[in-house]
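Scroll down for the structure; my scribbles are underneath it.
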Amino acid sequence: MLLGGRLAVPIRRVPRLGWVSADPRIAREVLTDHRSFTLVAEGGVGHLWAQVLGEWVLDLFDGPGHLDLRTRARDLFTEATAARLVSGAWARRLAAARTDLASGAPVDAADLGRVLVGRMLASLLGLGDLDDRRARTLFATGERLAATALGSAADTTLTPAAVAGAKAIVDDLTRGVPDAWRDAPPETLLGRCRELGLGLRETTGLAALLMVAGTETAASAMARTVALLHDTGEQHRLLAEPARLPDAVREGLRVTTPAPVIGRSVRRDVTVAGRRLRAGERILLLTWTANTAPGGFDLDRPYLPDNRRLWFGAGRHLCLGAALAQAEVGAMLETMTAAGRPWTVQHRRPARRALIPTYRELSVRLT
Ligand code: HEM
């Protein structure tokens, strides 16, 4: 209800949750006002992850260490490196999917998305080339880690059991990082982290972050954009004009907004849209509601200055993997449209208890 309903007033206080806004301008104002809002205190993801990874992440997430990390990591995911990462980790698997589709076989686009993202994680974490089964397992592990955040909308203090569970997953997933950080060639992500001067601890923290931030978000956007193109009939226009692919990716990200809510903690008293927010309070920005208010998926939708790339956040925490996420969704759509034939959806099943709304199954077949 909270996500679906439009709020009559641009910002308001909701019992138990704190301040809530679904206004894109307010979201941007809050996300770019780093002096008044923080994500490392109670109410933000930094607070959550500090309990799992250790207090040192507070500096990495929002202190001087964050600026240093973002400065060093600036060229980690450019458009060019993202394209290289996608083709390196996915080319073979996507070629197989194209062959299946062209032969008229059904393909589960939701499962394919999870397998691809699992392969990307393996490549980012230096775990090598995985078959589908192991890629699914890796994806599910990343999902379990992200599930630590489930239920944190009202409270980002984790129970000791949740902390222990998440720590065990991080240790397990990042086991390969120390060796890869030392020995991996500079063209790999972990090798590049070393060359950029990131220490082992920062690299491990970053690897855990990428896993949490880039797993379900990307898989959800991929599968749901395939469904949206089908449901709106816009796939026919995309098939007729393949150059519209970037528009399809942008609309897919806007309409799905896989990070539907962004939380911040109020660092100092501040006035937003005429309301006085006090230090220590929390604010939830309903980005999905803000981004979908202008209307449904439409390849011709004009540029929306208020929403711009709000699906990737704004300000200094703007998604580090934005270029990679766009390349991932683009590669999925290229695969779907490669044969030049439209697809039908045979079965679909939503995922239950998912942190991010998505499909458990989305079986498609080219006509
Ligand atoms: C469609 C897919 C994705 C969406 C919608 C998305 C969205 C976001 C959003 C909204 C934030 C800001 C959170 C905040 O301000 O509290 C964020 C941060 C981040 N994202 Fe993404 N993301 C996606 C994919 C990825 C991928 C593929 C990666 C990397 C592999 C990634 C890495 C990160 C990192 C490291 C941050 C933290 C940046 C910082 O705090 O400086 N994301 N993402």
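Exactly which GluC sites (Glu not before Pro) in segment 5-100 are in a DSSP loop and have at most 12 other Cβ atoms within 10 Å?
Details: sites: E29, E42, E55, E79; in loops: E42, E55.
Hits after loop and neighbour filter: E55.
Any idea what the relative contact order of segment 1-131 is, in percent, if you count C-alpha pairs under 8 Å spaced at least 6 apart?
Relative contact order here is 10 percent.
If Lys and Arg each add +1 and Asp and Glu each add -1, what is the summed charge of the other residues whose beta carbon sits under 9 Å from the beta carbon of L31?
+1
In the chain, which helices (entire DSSP H runs) extend 18 Å or more along their own long axis, judged by Cα positions, while averaging at least -0.5 on the Kyte-Doolittle scale?
79-102, 109-124, 160-173, 200-213, 216-232, 322-337
Whats the longest run of the chain with zero chymotrypsin sites (Phe, Trp or Tyr not before Pro) that are DSSP loop and have at most 16 other Cβ atoms within 10 Å?
Free of exposed loop sites, the longest segment is 57-302.
Please go through segment 152-189 and write out the trypsin sites (Lys or Arg not before Pro) that DSSP classes as loop and that have at most 15 other C-beta atoms within 10 Å.
R175
Could you work out the relative contact order of the chain, using alpha carbon pairs under 8 angstrom and six or more residues apart, expressed as a whole percent?
Once divided by the residue count of the chain, the mean separation gives 28 percent.
Rank G104, L17, L238 by how far each Cα sits towards the positive end of the charge dipole of the chain (+1 on Lys, Arg Cβ; -1 on Asp, Glu Cβ) and give me just the farthest.
L17
For the chain, set up a Gaussian network in which alpha carbons nearer than 10 Å are linked by springs, and say which option among P242, P357, P15 fluctuates the most.
Among P242, P357, P15, the largest mean-square fluctuation in the Gaussian network model of the chain belongs to P15.
Quantify how much of the Cα-Cα distance distribution of the chain extends past 27 Å, in percent.
47
Of all beta bridges DSSP finds with both residues in the chain, what is the antiparallel percent, to the nearest 5? Before the final figure, lay out the partial values.
On the way: 23 of 26 bridges.
Counting DSSP beta bridges with both partners in the chain, the antiparallel share is about 90 percent.
Where a number appears in this text, it was derived from the coordinates with a stated rule and is not lab data. Source: prediction; values computed, not measured. In this analysis, Cβ positions are derived from the backbone assuming ideal geometry, glycine residues included, and neighbour counts consider all displayed protein chains.
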